[in-house]
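Participant: A single structure is presented below for examination.
The values are calculated or read from the model by the stated rules, or taken from the named source; none is laboratory data. Only a predicted model underlies this, so the values are computations on that prediction, with no experimental measurement involved. With ideal geometry, Cβ positions are generated from the backbone for all residues, glycine too; neighbour counts draw on all protein chains shown. These area figures cover heavy atoms from the full protein model, side chains too; ligands, DNA and RNA do not enter into them. Shrake-Rupley method; radii C 1.70, N 1.55, O 1.52, S 1.80 Å.
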Amino acid sequence: MGQDSTCAFVTMKFLCLCLLLCFYYPAFCLGQTRTTPCARCVQWNRPQKPFRIWGNTFYVGPHGLSSILITSDHGHVLIDGALPESAKQIAANIQSLGFRIADVKLILNSHVHFDHAGGIAELQRMSGARVEASEWSAKVLSNGGIGKGDPQFAGGTPIPPVANVQRFRDGEQIRVGEIVITAHLTPGHTPGGTTWTWKSCEGAACRNMVYADSLAPISSDGFRFSSSSDYPHALPEFEKSFTFLETVPCDILITTHPEASSLWDRLQSRDKGLTPDPLVNLSACRELARQARASLRDRLAEEHVQGEHHSK
């Protein structure tokens, strides 16, 4: 066999081996892009010391992406997995609080963008937890990638697929041990977006906790919230979500990106001993809805101007 033939044969064997590894061990291929190509990911993934928010509710995510642990004596609930590269940090944060990742029995999600759902597959592998999601989000989690109808579909970053994803209904109460957490579909940012509510208590003081999904009208270039064939019901779904946030009992608001609810400013004020507790704000959900309405109104005005420009 000549030198050229030998090189071609070796190259072909290498390519075949890579294909086999990708087929039988998807993590091998994912590992080649484990660090998400994202301008803000390094900042989002900065380490954050975990802390108690209230009662049995803890912040365990990196600094720029919320991940919330709700604990009980008979298993824990984890909401959101941040980036693929955040999973080990989240697991370490859970352990540093004195809990075990193996005791996480349920993993939930706000929406299936890579910065909130990217770490779920690895966290599921580490914990053995079941994963539940809305009908639309469950399809994306199961298949990996990006969901059709997502305003950020074009050019978005895919997520690793998640095994055995179960579905819940809007308004369904999900139980793990003593935890009762309720799913509320709040679409708009994505068609399957979900906000979560539960109660956490410190002694006799119980708070209505709200983990609010993003309602930011952000999209890929070319997408129009006012006239999308891929997501034709975006505007009424946004309105449904705004109305929910305006009316839900809400003592402590947590958002997918902590700064959206001024978490770090409120935490700093708490650490200084300010009273009443700065994390408790009964108007926070209504204020978030007001801001989201204004953002959507501005976005629709931009789309109207762009439409008039293109029609000339």
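Participant: Here are the criteria: (1) of a type outside the set (D, E, K, R); (2) assigned to a helix (DSSP H, G or I); (3) open to solvent by 60 Å² or more (accessible area, probe 1.4 Å). Tell me which single one SER269 does not satisfy.
Facilitator: Evaluating SER269 over (1) of a type outside the set (D, E, K, R); (2) assigned to a helix (DSSP H, G or I); (3) open to solvent by 60 Å² or more (accessible area, probe 1.4 Å) leaves (3) as the failure.
Participant: Given (1) part of a helix (DSSP H, G or I); (2) open to solvent by less than 20 Å² (accessible area, probe 1.4 Å), where does ALA294 come up short, assuming only one miss?
Facilitator: Evaluating ALA294 over (1) part of a helix (DSSP H, G or I); (2) open to solvent by less than 20 Å² (accessible area, probe 1.4 Å) leaves (2) as the failure.
Participant: Are any residues in segment 272-291 among the β-branched types (Val, Ile, Thr) and open to solvent by less than 60 Å² (accessible area, probe 1.4 Å), and if so, which ones?
Facilitator: Scanning segment 272-291 gives a single hit, VAL280.
Participant: When you look at ARG175, is it touching a strand residue (DSSP E or B) at 6+ places or on another chain (Cβ under 6 Å) and part of a strand (DSSP E or B), yes or no?
Facilitator: Numbers: touching a strand residue (DSSP E or B) at 6+ places or on another chain (Cβ under 6 Å): no; part of a strand (DSSP E or B): yes.
Spelling it out, it is not the case that ARG175 is touching a strand residue (DSSP E or B) at 6+ places or on another chain (Cβ under 6 Å) and part of a strand (DSSP E or B).
Participant: Mind checking whether some residue in segment 222-237 is in a strand (DSSP E or B) and in contact with a strand residue (DSSP E or B) (Cβ under 9 Å, 6 or more places away or on another chain)? First the steps, then the outcome.
Facilitator: Step one: list which residues in segment 222-237 are in a strand (DSSP E or B), which gives none.
Among the residues of segment 222-237, not one is in a strand (DSSP E or B) and in contact with a strand residue (DSSP E or B) (Cβ under 9 Å, 6 or more places away or on another chain), which makes the answer no.
Participant: Name the residues in segment 228-241 that are open to solvent by less than 60 Å² (accessible area, probe 1.4 Å) and touching a Gly at 6+ places or on another chain (Cβ under 7 Å), would you?
Facilitator: TYR231, ALA234, GLU237, PHE238, SER241
Participant: Quick one: SER262 ticks every box in (1) buried (at least 16 other Cβ atoms within 10 Å of the Cβ); (2) under 18 Å from GLU237 (Cα atoms) except a single one, so which number is it?
Facilitator: (2)
Participant: Return yes or no: is VAL180 among the β-branched types (Val, Ile, Thr) and surrounded by 23 or more Cβ atoms within 10 Å (Cβ to Cβ)?
Facilitator: Answer is no for this residue.
Participant: Same structure, new question: So which residues in segment 73-107 are within 12 Å of THR256 (Cβ to Cβ) and of a type outside the set (Val, Ile, Thr), if there are any at all?
Facilitator: Residues satisfying the conditions are ASP80, GLY81, ALA82.
Participant: Just checking, which of PHE225, PHE244, PHE168 is out of contact with any Phe, Trp or Tyr (no Cβ under 6 Å at 6 or more places or on another chain), surrounded by 13 or more Cβ atoms within 10 Å (Cβ to Cβ) and either among the charged types (D, E, K, R) or within 21 Å of GLU303 (Cα to Cα) (or both)?
Facilitator: Just a single option satisfies the conditions, and that option is PHE225.
Participant: I would also like to ask the following. Out of the residues in segment 59-118 meeting the condition of being outside any loop (DSSP other than H, G, I, E, B) and among the charged types (D, E, K, R), tell me which one is surrounded by the fewest Cβ atoms within 10 Å (Cβ to Cβ).
Facilitator: Among those that are outside any loop (DSSP other than H, G, I, E, B) and among the charged types (D, E, K, R), it is LYS88.
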